[in-house]
1. I need the full set of residues from the stretch 107-117 which are touching a helix residue (DSSP H, G or I) at 6+ places or on another chain (Cβ under 8 Å) and either buried (at least 24 other Cβ atoms within 10 Å of the Cβ) or not in a helix (DSSP H, G or I) (or both), in order please.
2. Of the numbered conditions (1) loosely packed, with under 13 Cβ neighbours inside 10 Å; (2) farther than 22 Å from ILE187 by Cα, ALA41 satisfies every one except a single condition; which is it?
3. Identify, from the list GLU75, GLU67, the residue that is over 20 Å from ASP186 (Cα atoms), modelled with pLDDT under 95 and buried (at least 18 other Cβ atoms within 10 Å of the Cβ).
4. Quick one: GLN101 ticks every box in (1) open to solvent by 10 Å² or more (accessible area, probe 1.4 Å); (2) more than 16 Å from the chain's Cα centre (by Cα); (3) not small (Gly, Ala, Ser) except a single one, so which number is it?
5. Considering only the stretch 118-147, state which residues are touching a Lys or Arg at 6+ places or on another chain (Cβ under 6 Å) and in a helix (DSSP H, G or I).
6. Considering every residue within the stretch 133-143, establish whether at least one is among the basic types (Lys, Arg) and closer than 16 Å to PHE87 by Cβ.
7. Which of the residues spanning the stretch 80-116 are on the phi > 0 side of the Ramachandran plot and at pLDDT below 95?
8. Say we look at the stretch 45-61 and pick out the residues that are at pLDDT 95 or above and open to solvent by 40 Å² or more (accessible area, probe 1.4 Å); which of these is farthest from LEU23 (Cα to Cα)?
Amino acid sequence: MRATVILAAGRGSRLGGQSKPLLRINGELLVVRALRTAHQAGTTPVLVLSHRSTEVLRTLRTQAPEELEASEVVELASSSAGLSLSFRTGIRHAADRGAEQIAVLLVDQPWIGAEALRTVLEAHQRGRITRGLIRGQPSHPVVFDREDALAAASQAQGDDGARHYLRAHRQRSDLIDLSACADDADIDTPDDLRSLAVGPGLQQCDLS
């Protein structure tokens, strides 16, 4: 089993408290886009929710029941502990379900799609950590073996997520250039949402 942990528990403070999973790009909910990305890449989505999770799940049951039925959902009691709590919880849930490889995506990066995720998964080698590289910078998706994912989760603190673990294990990290087929711009403000709605004009990934 391969799983994709989708981190979607943020409070959206710079969006006036809006729920990021319920934002829309070109009429499509970000949460539906993320679930479909994980499914199309051949993984089981593990969706981590907190802020307005009841509303998110109600919307999914109405608008995307098949995507929801084929996914794992984890609800946090609070998102106040930062990104690390979402990351730890999602990773441990995926590991408990038997995932041998675990990818990580953020719900508010809508232009990292199934092709990019599939490309990083296919490039991943046992014992390594595999990351997307976009415009010269390490980015998502990040793919771990189960052991590395659990170790990263155990060290996560505050809003750093896996950052500390990734820095400490740079020598075991492989960077896969996704610049042609993915854009890692995220949505933190209403202006971000408007600017990303146009789309970055992506092409196909090229591993040659």
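1. VAL107, ASP108, PRO110, TRP111, ILE112, GLY113, LEU117
2. (1)
3. GLU67
4. Of (1) open to solvent by 10 Å² or more (accessible area, probe 1.4 Å); (2) more than 16 Å from the chain's Cα centre (by Cα); (3) not small (Gly, Ala, Ser), only one is false for GLN101: (2).
5. Within the stretch 118-147, no residue meets the criteria.
6. Scanning the stretch 133-143 turns up no residue that is among the basic types (Lys, Arg) and closer than 16 Å to PHE87 by Cβ.
7. Correct list: GLY82 only.
8. ARG61
The values are calculated or read from the model by the stated rules, or taken from the named source; none is laboratory data. None of these values were measured; they are calculated from a predicted model. Counting neighbours? That spans all protein chains shown, and the Cβs are built from the backbone with ideal geometry, glycine included. Surface areas here come from the heavy atoms of the whole protein model, side chains and all, with no ligands, DNA or RNA. Shrake-Rupley method; radii C 1.70, N 1.55, O 1.52, S 1.80 Å.
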